[in-house]
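Here's the structure we're looking at; comments come further down.
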Amino acid sequence: MSDEKTLILFKPDCVRKNLSGVVLLRLLAEGFHLRGLKMMQLDDAILREHYAHIIDLVIEGEPLFPKLSAFMQTSPVVALVLSGPGVVTRVRSILGPTNSMKADKGTIRGDFGTNSMLNICHASDSPESAEAEVNRFFKPEELFDNVF
């Protein structure tokens, strides 16, 4: 398994519940390496770019993006980059399914999430999207590859 990077966003529900430290500890306990970490307030521009793949998605007769965008701007988020062998797949497994109501206890979403939107974290879903997402949220000088 090759070393790769992934982007994780601690969403507003995670930040408001003061779970950022707990979630970070759980991820780091898996042996991942922290390469970048910052708190930031997201705006429409970055959210439109980040969620471009679902801009036109309609669920139960309502467009998803406006509600998601509004939620993601209710508080700052914590953005981080982790690296390690198979980190993208491994992080998604540790988080559990997107819908927290379907996540097993012992996963981060199963332990702390509420539903599909209030699900504590966003995590990249492939090495390709991870590369684009890391570049979207971090400048090269904000990443540190030679710490370990």
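The values are calculated or read from the model by the stated rules, or taken from the named source; none is laboratory data. For clarity, every value in this text was computed on a predicted model and none was experimentally measured. With ideal geometry, Cβ positions are generated from the backbone for all residues, glycine too; neighbour counts draw on all protein chains shown. The accessibility values were calculated without ligands, DNA or RNA, using every heavy atom of the protein model including side chains. Shrake-Rupley method; radii C 1.70, N 1.55, O 1.52, S 1.80 Å.
For residue 41 and residue 135, calculate 0.36 nm times their separation in residues minus their Cα-Cα distance, and state this gained length in nm to one decimal. Present the calculation step by step, with values, prior to reporting the outcome.
Values: separation 94, 0.36 × 94 = 33.84 nm, distance 1.66 nm.
Additional length available on full extension: 32.2 nm.
222 nm [θ] for the chain, helices only, -39500 (n - 2.57) per DSSP H run of 4+, per residue, to 500? Display every interim value, and only then the final one.
On the way: 7 runs with 55 residues, N = 148.
Dividing the helical sum by the residues of the chain leaves -10000 deg cm²/dmol.
Considering only DSSP beta bridges where both residues belong to the chain, give the percentage that are antiparallel (nearest 5).
95
Just to verify a number: what accessible area does residue 108 come out at with the full protein assembly present, 1.4 Å probe, Å² rounded to tens?
For residue 108, solvent-accessible area is about 0 Å².
Specify which residue in the list 71, 81, 101 is farthest towards the positive end of the charge dipole of region 63-148, using unit charges on the beta carbon of Lys, Arg (+1) and Asp, Glu (-1), about the Cα centre.
101
Of the cross-linked pairs 38/139; 5/105; 5/67; 5/139; 17/38; 5/38, which ones have a Cα-Cα span greater than 20 Å in the structure shown? Numbers along the way, then the final one.
Details: 38/139 11 Å; 5/105 26 Å; 5/67 29 Å; 5/139 14 Å; 17/38 18 Å; 5/38 16 Å.
Result: 5/105; 5/67 exceed 20 Å.
Placing unit charges on C-beta atoms (Lys and Arg positive, Asp and Glu negative, everything else neutral), compute the dipole magnitude of region 90-148 about its Cα centre in debye, rounded to 20. If you can, show how the numbers build up before the last one.
Values: 7 positive and 9 negative charges, 73 e Å.
So the magnitude is around 360 debye.
Using a simple charge model, +1 on the beta-carbon of Lys and Arg, -1 on the beta-carbon of Asp and Glu, nothing else, what dipole does region 1-83 show about its Cα centre, in debye to the nearest 20? List each step's numbers first, then the result.
On the way: 9 positive and 10 negative charges, 83 e Å.
Charge dipole of region 1-83: 400 debye, to the nearest 20.
Is there a quick way to get the dipole size of region 35-148? I mean about its Cα centre, with the Cβ of Lys and Arg at +1 and of Asp and Glu at -1; what is the value in debye to the nearest 20? Spell out each step's value before the answer.
Working: 11 positive and 15 negative charges, 80 e Å.
So the magnitude is around 380 debye.
How much solvent-accessible surface does residue 10 expose, in Å² to the nearest 10, with a 1.4 Å probe and all protein chains in place?
We get 0 Å² for residue 10.
For residue 71 paired with residue 89, estimate the spin-label separation in nm (one decimal), with each label point 7 Å from Cα along the Cα-to-Cβ line.
According to this spin-label approximation, the distance is 2.8 nm.
Based only on Cα atoms, what Rg/Rh ratio does the chain have, Rh being taken as Kirkwood's radius?
Working: Rg = 14.7 Å, Rh = 15.6 Å.
Reported Rg/Rh (Cα atoms, Kirkwood Rh): 0.94.
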